[in-house]
Amino acid sequence: MRMLDSPSLGVAVTRGAIRRDSRKLAVRGGRFPRYEGASFMSPAPSESSSPPRVALHCALAFVVLYACYEAPEGIGGRLLGNAVVAAVMMTLFHAVAWGVGRWLGYRNGFHAYALEWRGSALARALAVMLVLKPLSVLVGVAVGVMRVQPLEKPLMGTALLVAALGIVVSTFVPSVAEDIVARGFWYRAWPVAGQGVGYVALSAGVFVLTHVYRLGNGPLEWLMLFCTGLAYAAAVARTGSLWGAVGLHWGWNLANGLLDLQLDVNAVGQGGRVLSTVTGLVALGLVVLLPKRRGSTV
């Protein structure tokens, strides 16, 4: 091995190597890259800040996200009674979420919520739920907890296509927003419960709280939300991507919306909540069909 005779030359070479390594890391990730699996990702500020400061930043970030997520229904829907205002506010939430992610130290703000594109996770999860949800309705009818009948004047032709496209968009935007608040944030930006079973339980609990306007419906409602939340969070833990949860969550909402275009679907008493709870647990089991990230324990 060749030795360096000059200390100053050694320092210069060392500094040059550091600069080269820094440039390589800067290309691959954010300001403080960390290695996860086989790829570099822009990190949370926890790698350079003290734990109390990180906790404060993350807590403030969650408060902002939670408030901005609840505002569309609270202000646009309930206070003003204006669906357009609510829709605009929900769309703007995504800009806020990106800004919050940037504030937390991520070069791409959406990476704070594990929203790197994973088309396979989205497609497979979406397919699972688009099959499971209608099947659950059929089971509900068979056991007498759901009543279904055709609409008297269902949409046809172009009107049906336009309505279906509208439902695709109107269910996708809020589904992603809620997934950011209840799942992505806790998986990547502030993983206080890890990224395994503890994360799944925490995320499911937060999912209950994101339905603040439905908490008055009682314990069965809470149980239903928690069980479906387990499935959505498990999809994130398994795939390592929020798109897994988006596929299931969006698929649930999309299937409901599309069914309503042709059918009048009604629950019998509390049977609908019980059926949805069971459906959520079945979805939890079907998470094994989703692509698994390296090192996942789910």
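The values are calculated or read from the model by the stated rules, or taken from the named source; none is laboratory data. In this text, all values refer to a predicted model and were calculated from it rather than measured experimentally. Glycine also receives a Cβ, built like all others from the backbone with ideal geometry; neighbour counts cover every protein chain displayed.
Scanning segment 140-174 for residues that are in a helix (DSSP H, G or I) and touching a strand residue (DSSP E or B) at 6+ places or on another chain (Cβ under 8 Å) yields a count of 2.
Selection within segment 242-298: residues that are of a type in the set (Val, Ile, Thr) and part of a helix (DSSP H, G or I). The member of this set that is farthest from Leu115 (Cα to Cα) is Val274. Once segment 120-129 is narrowed to residues that are crowded, with 16+ Cβ neighbours inside 10 Å and of a type in the set (A, V, I, L, M), the residue that is nearest to Trp252 (Cα to Cα) is Met129. Summed over segment 84-141, the residues that are farther than 25 Å from Gly74 by Cβ and small (Gly, Ala, Ser) give a count of 10. Of all residues in segment 128-150, one or more are over 16 Å from Leu259 (Cβ atoms) and under 21 Å from the mean Cα position of the chain (by Cα).
For Val88, the conditions (1) surrounded by 15 or more Cβ atoms within 10 Å (Cβ to Cβ); (2) closer than 17 Å to Thr171 by Cα are fulfilled apart from (1).
Quick grid of which residues meet (1) farther than 26 Å from Val288 by Cβ; (2) surrounded by 19 or more Cβ atoms within 10 Å (Cβ to Cβ):
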{"position": "Val96", "(1), (2)": "yes, yes"}
{"position": "Arg102", "(1), (2)": "yes, no"}
{"position": "Arg118", "(1), (2)": "no, yes"}
{"position": "Val139", "(1), (2)": "no, no"}
{"position": "Arg147", "(1), (2)": "yes, no"}
{"position": "Glu152", "(1), (2)": "yes, no"}
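Based on what the data block shows, is Val84 touching a strand residue (DSSP E or B) at 6+ places or on another chain (Cβ under 7 Å), in a helix (DSSP H, G or I) and more than 29 Å from Arg238 (Cβ to Cβ)? It is false that Val84 is touching a strand residue (DSSP E or B) at 6+ places or on another chain (Cβ under 7 Å), in a helix (DSSP H, G or I) and more than 29 Å from Arg238 (Cβ to Cβ). Contact annotation: residue pairs with Cβ atoms under 7 Å, 6 or more positions apart or on different chains, pairing a residue in segment 179-208 that is in the same structural domain as Trp222 (by TED's automatic domain parsing) with a partner that is modelled with pLDDT under 95 and of a type in the set (Gly, Ala, Ser), are Ala189/Ala44. Scanning segment 207-241 for residues that are in a helix (DSSP H, G or I) and surrounded by fewer than 19 Cβ atoms within 10 Å (Cβ to Cβ) yields a total of 13.
Note on segment 255-297: residues that are surrounded by fewer than 22 Cβ atoms within 10 Å (Cβ to Cβ) and within 17 Å of the chain's Cα centre (by Cα) total 3. Being touching a residue at least 60 places away in the same chain (Cβ under 8 Å), under 14 Å from Val128 (Cα atoms) and of a type in the set (Gly, Ala, Ser) narrows it down to one residue among Ala237, Ala245, Ala231, Ala267; which is it? Checking each option against the conditions leaves just Ala245.
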